[in-house]
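The values are calculated or read from the model by the stated rules, or taken from the named source; none is laboratory data. No experiment lies behind these values; they were computed from the predicted model shown. Note that we place each Cβ from the backbone using ideal geometry, even for glycine, and neighbour counts take in every protein chain shown. The area values use the complete protein model at the heavy-atom level, side chains included, leaving out ligands, DNA and RNA. Shrake-Rupley method; radii C 1.70, N 1.55, O 1.52, S 1.80 Å.
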Amino acid sequence: MPGPPAIARRHLLGGGLALLGAAAAGCALPVGLGSAQTRVKYWHFLGASDGIIMNQMVGAFAQENAGIFVEENVLAWGEAYYTKIAMAGAGGRSPDLATFHLARLAGIGPGQILDPINMDLLAENGLRPADFSPPIWERAHYDGTLYAVPFDAHPMVQYYNTDVCGRAGLLGPDGKLRPTNGPDELLAALRKAKEALGGAPPLAVDVLGLGTVGPWRVWWSLYPQSGGTLVSDDGTRITIDDAKALQALRFMRQLGEEGLCDPRTDYSASVAQFTNGQAAFMWNGDWETTGLKERGTPFSMTRFPSVFGSGAAQADCHVFVLPHQRDRDPEVERATYRFIAYLVKNSADWAVAGHVPAYLPTLEEPDYLALQPQSEYRSVITDVALDPQVWYAGSASRLWIDFGGAFSPVVSGERTPEEGLALAKAALARLMAAPIPFPAEER
């Protein structure tokens, strides 16, 4: 399948300010003029640079598929978005397609609110299971049925300021950050960076703030590296390994105790510190890439450090789902799958925003490999630490917020690792005991 017009990548991030305002306002963004033979209604929550890129990709699809009109509706991200999807799906009056977070799949009622993916139509459009990241493809299933088509992973990564790290002697001859292996090597690198910064905390990471999830995201990167799990496969038992969980929490506390990170920093402050050259490193999701480039920060990126074994990193994924419709029009359905396949196969354009394509052939395309520093951490796509498949997990979920609240005072030294873990396990037990909002029953 041919890629988008040459104009797409050159101008994706260069002239979309008016569009950014429209996306932020949550309005429909029509692509094309007048009516088209087949109309596909598409909902998503993508704003800022993500929204600009998606609209550009939808526009490129329209140029190559004159008979299909994609009605793009941008809604506010968060609980309100999933509530609207649930209400639309329950009423059978849904859009034809929606962008979703993979970790939210179990909590939205697959089989009731969402319709299964048609494997025949995927194959008809050249998408094969073997072409996707295995752990992400597996996680896109619920009770053995595929309910989502993976688009990307947006993992925790390590940003590094090339100027500061150069002064600290942390870069190799190629100008890239020398990798660390294990806690001692990472701590040594952070201490060198702290010295280069005149004693300021070298690591920017969000620890504080109302509803903070930063401590959860760091812990869910460190703890799974040693093989730790949260709940059993069926979601009925807590399976946290206390020794491994505490190992990660003690490391997080050491970062705060040694002044290697500032435990008083919220999300916005952590990004500002790194942007302004006040920190050598930032642990965050890959979505800050575009903003840092636009502001001229001298930086690059690499995978989250390997501290306790594997190089696993906390991640969620953008996926495409089909909200339930009582009577899905066959012609619109075919057009929808054609659109999905176009976006997936052209995900090198999507990767401009920092996300790692879940479609493995894209990772070998010259256009993708030329993206710097986005392609530097692509190998994490098969080493992602995904949320357990339970209804209370997922982006901005109660699980993330409760664990973040339990672990934040551990980093600041106001709570011991043992106390933080006990509070997190108690919160998990409450969530497990709460009634499931989407019981398994026939529609």
What label, among (1) 27; (2) 32; (3) 51, belongs to percent of Cα pairs over 36 Å apart computed from the structure on display? (1)
Which percent of the accessible area of segment 157-272 is formed by carbon and sulfur heavy atoms (probe 1.4 angstrom)? 50
Angle between the Cα long axis of helix 398-412 and the longest principal axis of the chain, 0 to 90 degrees, nearest 10? 20
With a 10 Å radius around each residue's Cβ, average the other Cβ atoms per peptide and rank 260-267, 275-282, 174-181, 347-354, highest first. 347-354, 275-282, 260-267, 174-181
Helix 417-433 versus the longest principal axis of the chain: what angle, 0 to 90°, nearest 10, using Cα atoms? 20
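At 222 nm, what helix-only mean residue ellipticity would the chain give, in deg cm²/dmol to the nearest 500, using -39500 (n - 2.57) for each DSSP H run of four or more?
-11500 deg cm²/dmol
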Eigenvalues of the alpha-carbon gyration tensor of segment 40-141, times 5 and square-rooted, give semi-axes in Å, largest first, of 21, 20, 15
Between segment 76-144 and segment 259-327, how far is it from one alpha carbon centroid to the other, in angstrom? 25
Report, to the nearest whole %, how much of the accessible area of segment 57-155 belongs to carbon and sulfur atoms, 1.4 Å probe, protein only. 53
To the nearest 10 degrees, how steep is helix 242-257 against the longest Cα principal axis of the chain, on a 0 to 90 scale? 70
How many nm is it between the label spots at Arg93 and Glu414, if each spot is 7 Å from the Cα in line with the beta carbon? 4.6
With each label point set 7 Å from Cα along the Cα-Cβ vector, what nm distance links Glu195 and Ser232? 5.1
To the nearest 10 Å², what's Glu414's accessible area with a 1.4 Å probe? 150
